[in-house]
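Enquirer: Just dropping this structure here.
The values are calculated or read from the model by the stated rules, or taken from the named source; none is laboratory data. If you're wondering where the values come from, they're calculated on a predicted model, not measured in any experiment. So basically every Cβ, Gly included, is an ideal-geometry build from the backbone, and we count neighbours across all protein chains shown. What goes into the accessible areas is simple: the full protein's heavy atoms, side chains included, and nothing from ligands, DNA or RNA. Shrake-Rupley method; radii C 1.70, N 1.55, O 1.52, S 1.80 Å.
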Amino acid sequence: RAALSDIKAGGRLKNAMELSQLQIIQDRLEACMTPAFCLDYDGTLAPMVADPAAARLPKGVSKLLRKLSDRHPTAIVSGRSLEKLQEWVRVRGLYFAGSHGFEIVGPNGSSLNYTVASQLLPEIRDALRLLHQQLAQVPGAQLEDNKYALSVHTRNVSALDMPRLDALLEAALEEQPLLRRSEGKCVIELRPQVHW
């Protein structure tokens, strides 16, 4: 909670690999009955790379995930589609929450899909077609189809081109009011405007 209040106050999250922070984490884990780990893919498990389609786990990460999931419930939570996550992270015993949780699968074949999101697939496909053509005008912009979310990767877009990109995304949202905009690290996403 203290870390969240620091972030809300404009501070930065402390480096979890510092010895003092590792001790705090260990103390908190010892107080938990069964800690669960929810890990992001891009920028956490896999490094941020110029080509988003090339983001893969570094050597040794799969082994660490396997060890972690043997001891604790472990989930990979990402804006990436479920299919991509399962293809890129081939570790048994993990939970996967793809498309920001619109698709969830467990290690024993259990699954949960938000049905309202499925009903919005035609709108998402329409926005994909529109943006595919329009984003070709913005050098460096990359559009990724993540089934229930459209990810516009901005890591290769110059600061001078960002206003044009923003304008194109706002126009797409006017065309598809059932979608909403959210932002992450080097990515802008359009996803269903539903409470989930």
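Enquirer: Which percent of the accessible heavy-atom area of region 28-182 goes to carbon and sulfur, probe 1.4 angstrom?
Expert: Details: 4620 of 8490 Å².
Solvent-exposed carbon and sulfur of region 28-182 make up 54 percent of the total.
Enquirer: Output the relative contact order of the chain, whole-number percent, from Cα pairs under 8 angstrom with separation of 6+ residues. Write out the running numbers ahead of the final one.
Expert: Numbers: 276 pairs, mean separation 25.4, N = 196.
Relative contact order for the chain comes out at 13 percent.
Enquirer: Under a crude label model (7 Å from the Cα following the beta-carbon direction), how far is residue 155 from residue 87 in nanometres?
Expert: 1.8 nm
Enquirer: How large is ³J(HN,Hα), in whole Hz, for each residue of region 162-169 in order, when computed from phi with the Karplus curve 6.51 cos²θ - 1.76 cosθ + 1.60 and θ = phi - 60°, using x for Gly and Pro?
Expert: 3J(HN,Hα) across region 162-169, in whole Hz: 4, x, 5, 4, 4, 5, 5, 5.
Enquirer: What are the trypsin sites (Lys or Arg not before Pro) within region 62-145 that DSSP puts in a loop, where the Cβ has at most 14 other Cβ atoms within 10 Å?
Expert: Working: sites: 63, 66, 67, 71, 80, 84, 90, 92, 125, 129; in loops: 80, 90, 92.
Qualifying residues, ordered by number: 90, 92.
Enquirer: Can you give me the accessible area per residue for the chain, using a 1.4 Å probe, in Å²?
Expert: Working: 11920 Å² over 196 residues.
Normalised by residue count, the accessible surface of the chain is 61 Å².
Enquirer: On to the next question. Tell me the net charge near residue 179. Cut-off is 13 Å between Cβ atoms, residue 179 excluded, with +1 for each Lys or Arg and -1 for each Asp or Glu. Walk me through the intermediate numbers first.
Expert: On the way: positive: 125, 180, 181, 191; negative: 123, 126, 170, 174, 175, 189.
Taking every other residue near residue 179 into account, the sum is -2.
Enquirer: Let me have the 222 nm mean residue ellipticity of the chain computed from DSSP H runs of 4+ only, each contributing -39500 (n - 2.57), with the sum over all residues rounded to the nearest 500. List each step's numbers first, then the result.
Expert: Values: 7 runs with 70 residues, N = 196.
About -10500 deg cm²/dmol.
Enquirer: Still on this model: Within region 177-191, which residues have the backbone N less than 13 Å from the label spot 7 Å out from residue 48 along Cα→beta-carbon, could you tell me?
Expert: 184-188
Enquirer: On to the next question. Subtracting the Cα-Cα distance from 0.36 nm times the residue separation, let me have the gained length for residue 29 to residue 112 in nm, one decimal.
Expert: On the way: separation 83, 0.36 × 83 = 29.88 nm, distance 2.80 nm.
That works out to 27.1 nm of additional length.
Enquirer: Excluding residues on the same chain fewer than 8 positions from residue 185, give the aspartates and glutamates whose Cα lies under 13 Å from its Cα.
Expert: Output for residue 185: 40, 42.
Enquirer: In square nanometres, what is one fourth of the surface area of the convex hull spanned by the alpha carbons of region 63-126? Numbers along the way, then the final one.
Expert: Numbers: hull surface 18.2 nm².
If I average the Cα hull's projected area over directions, I get 4.6 nm².
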